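Just below is one structure, and these are the notes that go with it.
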Amino acid sequence: MYRFLLSRQWVIVTLVGLVLIPVMIKLGYWQLHRHEHKVAQNQLIASSLAARPVPVAELTAVGRVLPHHDMWRTVTATGTYDTAHEVVVRQRTAADEQSIGYYVLTPLVLGNGDAVLVNRGWISAGNDLTKFPDVPAAPKGKVTVTGRMMADETTAVSGIKDTRGLPARQVMLINSKEQAKRVGRPMLGGYIEQTAPKQSGGTPELVPEPDHDSIGPHMAYAIQWWLFAAAVPVGWVVLVRRERRDRAAAAAKEAEEAEGPQEAASAPDAQAGGQTADVAGSGETEAAGDAATPAPAGP
């Protein structure tokens with residue numbers, strides 16, 4: 001009845017289904033983990049933004065890698081800007097998430113001689129990407145900066161390629177270790193994403209706080225993958241039953257077609273047999289009649 005399942009075609013279909021089920025289940029869990037990571041990230045950002053501001057030296061130090069749980073914490077730093085070593089960071093997006101330009105990165109020299117990088121905000125790229133752009137001047141003298149503490153950018157974490165051979169004073173990544181080599185001064189790990197004070201004229205445009213409300217479609221994708229995994233065996237059963245029904249119908253049709261010629265062939269034989277019987281019966285009747293006729297009397 002189900003011997004067709006041993007055919008090459010059905011063996012391949014069954015094996016493909018058996019492979020797809022665990023793959024789809026795994027993809028569902030992958031999306032679930034991404035959802036959980038996004039939720040945890042949002043909670044961390046929200047709690048960090050709500051925490052009280054602390055001096056930058058409480059969270060980081062020279063050469064230190066900023067722990068993930070200290071990301072987005074509000075810090076303050078007091079010092080003077082070293083505009084001679086100011087650089088711009090290429091291929092950065094404005095608050096509208098469409099306009100491409102630069103981040104302005106300026107070292108702030110603290111009272112003890114150490115420095116911390118400050119992302120002063122976004123500016124338009126202009127028409128000539130081969131030269132240092134016109135950057136709004138940093139405040140002179142001693143200033144106090146407030147901002148979000150961020151970890152150094154790397155290619156592995158950010159996915160941004162650290163391109164070499166760029167025009168002077170242009171970089172791709174914000175990295176305190178690399179800038180310490182350029183500046184020749186001890187540099188605190190990580191950098192400050194400035195939130196206050198605002199620049200006169202609104203430029204550079206301060207970087208908006210990260211989105212920590214949306215969770216993305218990852219949970220919906222996880223459910224979809226699991227539904228696909230559940231649909232595979234259901235679909236397999238439907239296909240098997242349809243194949244069995246089609247094969248049974250085809251076999252019945254073949255049997256019906258085979259019976260037609262046999263009936264047609266047996267009809268002439270039956271007709272010939274009837275004619276033979278009629279002839280035999282006629283002969284017997286004639287013989288009986290002859291026997292019943294009296295013989296003529298002699299002379």
Inset, instruction - Please work out which residue is farthest from the chain's Cα centre (by Cα), limiting yourself to segment 136-165 and to residues that are within 28 Å of G202 (Cα to Cα) and of a type in the set (S, T, N, Q). - result: T144
Legend entry - Which numbered condition M219 misses (of (1) touching a helix residue (DSSP H, G or I) at 6+ places or on another chain (Cβ under 6 Å); (2) assigned by TED's automatic domain parsing to the domain that holds R73): (2)
Inset, instruction - For segment 197-206, indicate whether the set of residues that are among the charged types (D, E, K, R) and more than 34 Å from the chain's Cα centre (by Cα) is non-empty. - result: yes
Legend entry - Looking only at segment 187-216, and only at residues there that are touching a strand residue (DSSP E or B) at 6+ places or on another chain (Cβ under 9 Å) and within 15 Å of T93 (Cβ to Cβ), the one that is surrounded by the fewest Cβ atoms within 10 Å (Cβ to Cβ): E209
Inset, instruction - Go through segment 166-183 and give me each residue that's more than 24 Å from G113 (Cα to Cα) and over 34 Å from the mean Cα position of the chain (by Cα). - result: P167, A168
Legend entry - Qualifying residue in segment 37-60 (condition: under 30 Å from Q194 (Cβ atoms), among the charged types (D, E, K, R) and more than 24 Å from the chain's Cα centre (by Cα)): yes
Inset, instruction - May I ask you to list the residues in segment 141-161 that are without any contact (Cβ under 8 Å) to a residue 12 or more places away in the chain and part of a loop (DSSP other than H, G, I, E, B)? - result: G159, K161
Inset, instruction - Give the residue, chosen from L44, L27, L49, that is surrounded by 14 or more Cβ atoms within 10 Å (Cβ to Cβ), out of contact with any Leu (no Cβ under 9 Å at 6 or more places or on another chain) and over 27 Å from A77 (Cβ atoms). - result: L27
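The values are calculated or read from the model by the stated rules, or taken from the named source; none is laboratory data. These numbers come from a predicted model, not from an experiment. Neighbour counts run over all protein chains shown; Cβ positions are idealised from the backbone, glycine included.
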